[in-house]
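For reference, the structure is listed below as structure tokens.
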């Protein structure tokens with residue numbers, strides 16, 4: 001559920017963007033959805049809500065999520081205040097390239113993979129396998145950032161917004177599969193079963209969310 005919750009802000013961003021030009025009347029207040037700018041405001045609010053929900057349910061908020069929230073507020077706020085979408089275009093790229101840089105610097109400075117301190121003690125892998133995890137993760141997040149800029153500057157705004165939604169799920173699954181292939185042989189059987197159950201639950205929830213999203217969009 002926690003992993004699925006991470007996609008909530010981008011789903012709301014996508015839905016609100018599709019409502020561009022729609023006029024909402026509440027009492028004497030009339031508001032017309034203003035494309036990328038209204039969608040960006042919704043993204044900021046949804047991200048803050050996500051942080052609050054995670055804090056209330058799980059008791060703590062990961063630094064990565066706080067980093068995402070900070071990036072959304074800074075780049076999203078600049079887009080809204082300056083009326084320039086270039087800032088929200090660059091947000092995914094800057095964040096993904098920052099992650100890639102952290103993985104490299106962490107590995108070089110501390111001599112071990114960033115994920116060694118995050119993953120369970122049950123995972124015992126040779127150093128060269130951890131190095132492979134660092135290389136694959138770094139290349140993956142650098143590529144995600146680069147592809148985002150390519151789409152942003154070579155395709156329409158509508159295409160980029162759709163790409164932002166579906167690529168978030170696609171690239172996350174792709175990275176998880178690659179890391180799973182590398183680490184799979186070293187996982188203990190009980191941990192494998194736990195991960196399988198978590199994956200099945202996430203896929204069921206993602207399928208339900210996708211069905212709801214399709215209904216809302218069409």
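All of the numbers you see were taken from the coordinates with simple rules; none came from a lab. Predicted, not measured: the structure shown is a model, and the values here were computed from it. A quick note on method: Cβ atoms are made from the backbone with ideal geometry, for glycine too, and the neighbour counts reach across all protein chains shown.
Where the centroid of each part is defined by its Cα atoms, how far is the stretch 69-115 from the stretch 161-183 in Å?
Result: 17 Å between the Cα centres.
Among rounded, prolate and oblate, which fits the stretch 34-184 when a ≥ b ≥ c are the square roots of the eigenvalues of its C-alpha gyration tensor, a/c under 1.5 means rounded, and a/b larger than b/c means prolate?
prolate
Mind checking the full-extension length gain between residue 23 and residue 102? Use 0.36 nm per residue of separation minus the Cα-Cα distance, one decimal, nm. Present the calculation step by step, with values, prior to reporting the outcome.
Working: separation 79, 0.36 × 79 = 28.44 nm, distance 4.35 nm.
Gain on extension, residue 23 to residue 102, equals 24.1 nm.
Rounded to the nearest 0.05, what FRET efficiency is calculated for residue 55 and residue 153 with R0 set to 30 Å and r the Cβ-Cβ distance?
It comes out at approximately 0.25.
Full-extension gain between residue 173 and residue 110, please, as 0.36 nm times their residue separation minus the C-alpha to C-alpha distance. Please list the in-between numbers first.
Working: separation 63, 0.36 × 63 = 22.68 nm, distance 2.80 nm.
Working it through step by step, the gained length comes to 19.9 nm.
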